[in-house]
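Heads up, the thing below is written out as structure tokens.
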Amino acid sequence: MKYFEIHYLKDGQRDKITLPYANKIEAINSFKQKKNSVFVHIQEVPEPISFKIKRYGLKIKNIAKSKNVPLEPYIASLRQLAVMLNAGLPITMCFQDTISAIDEKRLKEIFTTVLREVEAGASLFESFKIFEEEVGVISIAMFDLGEKTGMLDNSIDKLADILQEILDNRMRLKKATRYPIIVIVAMMIAFAIVITLVVPEFKSIFDEYKTALPFPTLVLIWIENTITQYGLYLLSGAIIVSTSLSLLYKKSDIFKLLFDKYMLKFYIVGDIIYLSMVGRFIYVFNKLSASGLPIVDSLKTAISIVENVYLKEQLNKIVGAIEEGRGLKDGFKRSELFENMVIQMVSAGESSGAMSAMLEKISIIYKKKYSYLVDNVATMIEPLLIAGIAGFVLLLSLGIFLPMWSLVEAVGN
């Protein structure tokens, strides 16, 4: 975006105005549409301080709110925008109607600001660039692609498809983990109630008869004493440790890399992270490259949405291979993230010139694997839950009933 200082006459008085436009002809044509103003001359100037202050102010404001917009209303707004643009309506009218249909407060503010910037002469890409932290790098890339190719409606529609795929995967995972989480929370609540309310009552009875207590009962009493006497310290320690780890994760790149790497080795969790992140990368990369975005830009944008730092670092090796003049096959192989079948499919796609179709098939493979894993999370975790419940019940049973039998014998004697 360039800045042009336009000198004009109005009511016999000479004045000037600075406006942002892509080129000088566009600036002149836009200014001539204004009434009661006589154009004198135009010159390109550096970005005015007032524009810089406004731009930086918006950036600071948005960083303070840096939080991704809700995907569901955002996708709905993009769909409506794409349909109206496809119908040939002016972009300002499309935004006005879309804004009127938005209920989510922050999303409405973003679209309203973008409309204001577009009306001032900024491009859609530059207008949304201010909100990159909230709308995501994929959105920025697709807006830029749409404006460069002249197919803005198609790019926005594809952007909505990409975001819908991401949202569907998130919802599927939440649904699959709901049951195990409820069971685990219920077990923790039941255990806490038994330890804090039931065990102390039995403890007083056992102390009164001075009977020898079996090991399971001693374990329960030890847990009860620990929670009663040191519970607050344990809770404070847990909060301090979790907060410290969270800050270390945010501040230390090495710790973040190691943590994300070892997270991939956890049972079930690692497979879910790998399949979701890599599958998302393949899907987005295919959509962007098929839309006409250069392969390196497509790769970088697709990698930017991968949240696991270790996976991101490995995937960046693909970009390095392309920049060195090598093929995608070498890049995929160098990343060490893909099985031999996927590498051979990429190689076949490169040699046949049908890379988009091959990436589509690879994306479907990862989607099916992810869906199967997520749909069977409850089944895979069930043995662990059953073992946990069995251990919980066994400890309580032995810890309470064994001393009761000893108590009966003591009373009988």
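Rule-based calculations on the coordinates, nothing more; no lab input. This one's a predicted model, so the numbers in the text were calculated from it and none came from an experiment. Ideal geometry is used to build each Cβ from the backbone, glycine not excepted, and the neighbour counts take in all protein chains shown.
Count the net charge of all other residues whose Cβ sits under 11 Å from the Cβ of GLU307, scoring Lys and Arg as +1 and Asp and Glu as -1.
Summing Lys and Arg as +1 and Asp and Glu as -1 gives +2.
What does the C-alpha gyration tensor say about the overall shape of region 62-161? Classify as rounded when a/c is under 1.5, otherwise prolate if a/b is larger than b/c, or oblate.
Rounded.
If each of LYS256 and PHE39 carries a label point 7 Å out from its Cα toward its Cβ, how far apart are those two points in nm?
It works out to 4.9 nm between the two label points.
Say a site is exposed when it is one of the GluC sites (Glu not before Pro), sits in a DSSP loop, and has at most 16 other Cβ atoms within 10 Å; what is then the longest site-free stretch of the chain?
My reading of the result: 105-306 is the longest stretch.
Which net charge results for the neighbourhood of VAL374, defined as the other residues with beta-carbon distances under 15 angstrom from its beta-carbon, given Lys and Arg at +1 and Asp and Glu at -1?
Local charge sum for VAL374: +4.
With only Lys, Arg, Asp and Glu charged, each at its Cβ (+1 for the first two, -1 for the last two), find how big the charge dipole of the chain is about the Cα centre; round to the nearest 20 debye.
Charge dipole, the chain, about its Cα centre: 960 debye, nearest 20.
Treat each spin label as a single point 7 Å out from the Cα along the C-beta direction, and report the PHE266 to LEU173 distance in nm.
Reported label-point gap for PHE266 and LEU173 is 1.1 nm.
What shape does region 262-377 take by its C-alpha gyration tensor, where a ≥ b ≥ c are the square roots of the eigenvalues and a/c under 1.5 counts as rounded, a/b above b/c as prolate, and the rest as oblate?
prolate
Add -39500 (n - 2.57) for each DSSP H run of 4 or more in the chain, then divide by its residues: what number comes out at 222 nm, to the nearest 500 deg cm²/dmol?
Roughly -25500 deg cm²/dmol at 222 nm, from the helical runs in the chain.
May I ask for the angle, rounded to the nearest 10°, between helix 269-290 and the longest principal axis of the chain, with both axes built from Cα atoms and the value confined to 0 to 90°?
The two axes meet at around 10 degrees.
How much FRET efficiency would the formula 1/(1 + (r/R0)^6) give for ILE25 and ASN316, where r is the Cβ-Cβ distance and R0 is 30 Å, rounded to 0.05?
0.15
Here are labelled values, (1) 26.8; (2) 24.9; (3) 24.0, and one is the computed Kirkwood radius over Cα pairs in Å for what I pasted. Which one?
Matching entry in (1) 26.8; (2) 24.9; (3) 24.0: (1).
Applying 1/(1 + (r/R0)^6) with R0 = 60 Å to the Cβ-Cβ distance of GLU324 and PHE215, what FRET efficiency is obtained, to the nearest 0.05?
It comes to 0.40.
How big is the charge dipole of region 2-47 about its Cα centre, in debye rounded to the nearest 20, if each Lys and Arg gets +1 on its Cβ and each Asp and Glu gets -1 on its Cβ?
200
What is the Cα convex hull volume of region 173-297 when expressed per residue in Å³?
Residue-normalised Cα hull volume stands at 162 Å³.
Neighbouring Cβ atoms within 10 Å as the yardstick, rank TYR372, TYR274 fewest first.
So the ranking, lowest neighbour count to highest, is TYR372, TYR274.
Nearest 10 degrees is fine. How inclined is helix 355-375 to the longest principal axis of the chain, computing both from alpha carbons?
30
Shape call for region 281-332 from the C-alpha gyration tensor, a ≥ b ≥ c root eigenvalues: rounded (a/c under 1.5), prolate (a/b greater than b/c) or oblate?
It comes out oblate by the Cα gyration axes.
Mind pulling the angle between the C-alpha long axis of helix 215-251 and the longest principal axis of the chain? Nearest 10 degrees, somewhere in 0 to 90.
20
³J(HN,Hα) across region 297-309 via Karplus (A = 6.51, B = -1.76, C = 1.60, θ = phi - 60°), whole Hz, x for Gly/Pro?
5, 4, 5, 5, 5, 5, 5, 5, 8, 7, 8, 6, 5
Considering the options LEU311, ILE273, ILE322, tell which one lies farthest towards the positive end of the dipole of region 269-375, charges being +1 on Lys and Arg and -1 on Asp and Glu at the Cβ, about the Cα centre.
About the Cα centre, the residue reaching furthest to the positive side is ILE273.
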